[in-house]
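Scroll down for the structure; my scribbles are underneath it.
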Amino acid sequence: MKLGPYLRDKREKEGITLKEMQEKSGIRKEIIKTLEKGDFTQLPKPRYAPLLIDKYCKVLRLDSEALIERFSEDFTYERESSNKKRTQTDNEDFQYLKKVFISFFVMILVLFVVWMVLLQIGSEADVFERKPIYETADVEVDEEASEPEEEADAAGEGEEESSEPEPEEEAPQTVIDFAGLNDNVLTYNVTTSEALTLSLDGTNSWVSITDDIGNTYAYEELESGEFEIDSEAGEVYVTLGNAQEFDVSVNGELLENNQTDGSITVYYQFNIETE
């Protein structure tokens, strides 16, 4: 038996539902299902599997370290993936350096050949014979007459530049409206004409930040951070394991956290409209 099915069996024997496990552990229901299948490579970030298992085990009062050691074969993919990536990176670096060296050598060779050909042609046709760049002639210039004309032209250009007012650029704006609370999910409608930045500040807690186009910005324990949201995203989902101790800001505007009814784990959904 793999570790995932073993944990699912323990949860069901304790009579804990997926929704209850989500609320107690701070892990999203979809992630819990993936953990219980036992294939950790299907997680958004497989390297965080031990951390998620530790949170899961705390709810069931199990020793996570002993279980991870007992089912160590389930985590062999981490070492295999790391070795494969290291070998692939080394090969790519070698091939890149090889291409650079060959390109540089070919370029030097071509320049040398061109230079030799030009020297040969020049020596036969006297192309490189020294000649004056230009010939001077005695030309009389009325300096006194030309100076007023130059001053008048400069004054005219100055008046034209000053007469055209520079257009003022509109400052980017962000409007945030609270849409409501439904099943521990705080929904906000965000209208913005600038890049969207999500800021968190609080005590150490599990944080998950994703969007509707498959980006994962955070999936770990942290105290604070700033995350620039992809401009193509239409919805952003945030899970806070300890929402009472966290401040959430969007483009510098602090959101009120008194709509959570005292819940520990709170979910945010931001519906984004870009102007």
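Side notes on the structure shown:
- Matching residues in the stretch 54-80 - criterion: being at pLDDT 85 or above and of a type in the set (Gly, Ala, Ser): SER64, ALA66
- Matching residues in the stretch 37-71 - criterion: being among the hydrophobic types (A, V, I, L, M, F, W, C), under 15 Å from ARG11 (Cβ atoms) and part of a loop (DSSP other than H, G, I, E, B): LEU62
- Screening VAL190, VAL207, VAL238 for residues that are buried (at least 18 other Cβ atoms within 10 Å of the Cβ) and over 26 Å from ARG47 (Cβ atoms) leaves exactly one candidate, VAL190.
- Flag for ILE31 being aliphatic (A, V, I, L, M), within 23 Å of ILE264 (Cβ to Cβ) and not in a helix (DSSP H, G or I): no
- When ALA171 is tested against (1) touching a strand residue (DSSP E or B) at 6+ places or on another chain (Cβ under 9 Å); (2) part of a loop (DSSP other than H, G, I, E, B), only condition (1) is not met.
- GLU226 vs. criteria loosely packed, with under 15 Cβ neighbours inside 10 Å, touching a residue at least 40 places away in the same chain (Cβ under 8 Å) and in a strand (DSSP E or B): no
- The conditions of being of a type in the set (A, V, I, L, M) and surrounded by 19 or more Cβ atoms within 10 Å (Cβ to Cβ) are met by ILE53.
- Flag if ASN215 is out of contact with any Cys (no Cβ under 8 Å at 6 or more places or on another chain), within 22 Å of ARG47 (Cβ to Cβ), at pLDDT 90 or above and surrounded by fewer than 16 Cβ atoms within 10 Å (Cβ to Cβ): yes
- Residue satisfying all of: in the stretch 240-275; among the polar types (S, T, N, Q) and touching a helix residue (DSSP H, G or I) at 6+ places or on another chain (Cβ under 9 Å); modelled with the highest pLDDT among these: THR265
- GLU12 vs. criteria surrounded by fewer than 16 Cβ atoms within 10 Å (Cβ to Cβ), at pLDDT 90 or above, under 24 Å from GLY214 (Cβ atoms) and not assigned by TED's automatic domain parsing to the domain that holds GLY241: no
The values are calculated or read from the model by the stated rules, or taken from the named source; none is laboratory data. Keep in mind that this is a model prediction, so the values were computed, not measured. Because the Cβ atoms are built from the backbone with ideal geometry, glycine has one as well, and the counts that use them run over all protein chains shown.
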